[in-house]
Amino acid sequence: MTEKQPSTWYNAPNAVQRRYTTDCGITVYVDSAGNQYPSVPTITSRIDHWNSKERLIDPIIHEQYGEATVSDRCDVDPSHLFWFSRQVGRLAHHQIASQYRDIGSYELTLAERELTELNESEVREDTHDDIVYSVAASRGWVTGRDDPAFEVISTDGALLRQAREDVRKIRRNWELASSELGITQETVQAVEWMGVHPLPNEHGTQSAGFGGQIDLIYERDGKHKTVDLKTSEWFYAKYVMQALAYRHLCPLSAETQVIRLGRERGDYAVFSSTSDDWPDSQRIWSRFKAEAILVSELVNGTRWD
């Protein structure tokens, strides 16, 4: 079990005392009264898991923003790509956040260690070369394992080197996005801020709810805005649901912005929770709340089905 202490900025009514991850990978937030709340990603991942790609939970959103295709190559392992993208995201989040506040090196160390030791479940049984090949083939750098280029690419430390190069490109796009939005040292109010949002369950008590970590909070034109950073090439439907949830975590927030940062120069996009482009937000929020209550009961041991 790993733990992390919250950053201080705004003394919220439901302050987070600590965050921990269970041995089975569920992230839980604990408030000052000892109540435990599942994380926003934990909740949204369950909803995605229960619905196949053919039965999308929000087909309108998927149609609007597009459904990601992992790779057309049959010799590429998708789990390798998701794992690698997650490590790149952790490194990029750390580097961006550390521009504005001292957040330590915990996440940085974990991600860099994982890229060399391969401890997580998706890659534990695979070799370094297996994963390098999946990444290289998915990007069109090699045509097969017998490609001479693969021997050049698959040297020791290749995964960490490529992750750092991807992060360098992502940070370049962050500089463009943050300049456009007016995110500076002076306007940033907090990074990695943690909060919880209680919800009444079927018994009318406040023991249910959700918690989350907001990547960045800044102020512009007298309004606080929360930022959810996504280091991906696509905008997934669950991002809308997560943004609506994060908007409720911080009572001071007037808007949540999802900023998607790709690798190619200029590949970034800003999606706002106040935009008319987000369809059917009330239905999506209601679906999230219902799942949050269910997962809360599971976390707190009051429900076992």
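The values are calculated or read from the model by the stated rules, or taken from the named source; none is laboratory data. Everything numeric here is computed off the predicted structure, so don't read it as measured data. Backbone-built Cβ (ideal geometry, glycine too); neighbour counts: all protein chains shown.
Spot the failing condition for PHE150; the list is (1) touching a Phe, Trp or Tyr at 6+ places or on another chain (Cβ under 9 Å); (2) in a loop (DSSP other than H, G, I, E, B); (3) modelled with pLDDT under 95, and only one is missed.
Failed condition: (2).
Given the conditions (1) surrounded by 12 or more Cβ atoms within 10 Å (Cβ to Cβ); (2) at pLDDT below 95, report the number of the one that VAL88 does not fulfil.
Result: VAL88 passes all but (2).
Residues in region 58-75: is at least one over 30 Å from THR116 (Cβ atoms), at pLDDT 50 or above, buried (at least 18 other Cβ atoms within 10 Å of the Cβ) and in contact with a Phe, Trp or Tyr (Cβ under 6 Å, 6 or more places away or on another chain)?
No, there is no match, as no residue in region 58-75 is over 30 Å from THR116 (Cβ atoms), at pLDDT 50 or above, buried (at least 18 other Cβ atoms within 10 Å of the Cβ) and in contact with a Phe, Trp or Tyr (Cβ under 6 Å, 6 or more places away or on another chain).
Can you tell me how many residues in region 91-108 are touching a residue at least 24 places away in the same chain (Cβ under 8 Å) and assigned to a helix (DSSP H, G or I)?
Of the residues in region 91-108, 7 are touching a residue at least 24 places away in the same chain (Cβ under 8 Å) and assigned to a helix (DSSP H, G or I).
Identify all residues within region 28-46 that are touching a strand residue (DSSP E or B) at 6+ places or on another chain (Cβ under 6 Å) and over 13 Å from SER296 (Cβ atoms); write none if there are none.
SER32
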